[in-house]
1. Check A128: other-chain or 5+ apart residues with amide H under 5 Å from its amide H, H built from backbone geometry?
2. Using the Cα gyration tensor of the stretch 14-57, with a ≥ b ≥ c the square roots of its eigenvalues, what is the shape: rounded (a/c below 1.5), prolate (a/b larger than b/c) or oblate (neither)?
3. Please find the FRET efficiency linking K116 to N6, where r is the Cβ-Cβ separation and R0 is fixed at 30 Å, and quote it to the nearest 0.05.
4. Dividing the alpha-carbon radius of gyration of the chain by 2.2 N^0.38 Å (N being the number of residues), what value is obtained?
5. If you count, for each residue, the other Cβ atoms within 10 Å and average over each peptide, how do 137-149, 66-78 line up from highest to lowest?
6. With Cβ to Cβ distances under 12 Å as the rule, what net charge do the other residues near Q73 carry (K, R +1; D, E -1)?
7. Can you list the HN-Hα couplings for the stretch 88-103, worked out from phi with the Karplus curve (6.51, -1.76, 1.60; θ = phi - 60°), rounded to whole Hz and with x for Gly and Pro?
8. If you place +1 on the Cβ of every Lys and Arg and -1 on the Cβ of every Asp and Glu, how big does the dipole about the Cα centre of the chain come out, in debye to the nearest 20?
Amino acid sequence: ARDYLNDRTTFDAFISYTHQDNQPGFIGIETKLVEAFSAKVYSSPFYNHWTEHPLSPWLLGARPRLQSIDVNQLWRDHMLAVAMQLALSSPFGSGRFLLVYHPLDIECAAALNIYKTLLKPEDRSFIAIPLDILVEQWKQFTINNAEKQWLDKFSLRYLDLKASEAEFNAEKVR
């Protein structure tokens, strides 16, 4: 934590890999289904450093908007990926931040639309994909019956919401 953001920001999942040129890389993943974003405003000298770094993915002057509660969780997770790539002590030559969100989560989609306007047009460090599209892409790479069955169960649990629609709607009201 001290090497990057000096806080408790974490990814929900983390994939490390080695490029063909033997350089280590990673994908830090945040998953949003229906839970709300953090309601706290965050600020620190570490955040200022990474947000205003010459190689940062954010537009100059975007920091005040990035700190707002509707997008700051995306910013902090993305900032962790940026810091993990750019820190002098980092072992990673490349890194990306991936947001996976439920296609029916309209609050996340709204936050995502705002967040994308705060990124430099040439940025390639941020990827966002709805869960249903990710699952469809995974289906192309299933190798055996066990993987196909697991993916079907995963889809049933997270995407076929008929069985849990009442709970989902109750959560949206809260």
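Coordinate-derived values only; no laboratory data. From a predicted model like this one, the values you see are computed outputs, not experimental measurements. Every residue, glycine as well, gets a Cβ built from its backbone with ideal geometry; the counts of neighbours run over all protein chains shown.
1. The answer is L99.
2. Details: a/c = 3.73, a/b = 1.32, b/c = 2.82.
Oblate.
3. On the way: r = 27 Å, r/R0 = 0.89.
The calculated FRET efficiency here is 0.65.
4. Scaled against compact globular proteins, the figure is 1.12.
5. 66-78, 137-149
6. -3
7. 4, 8, 6, x, 9, x, 8, x, 9, 10, 10, 9, 10, 10, 6, x
8. Dipole of the chain, to the nearest 20 debye: 260 debye.
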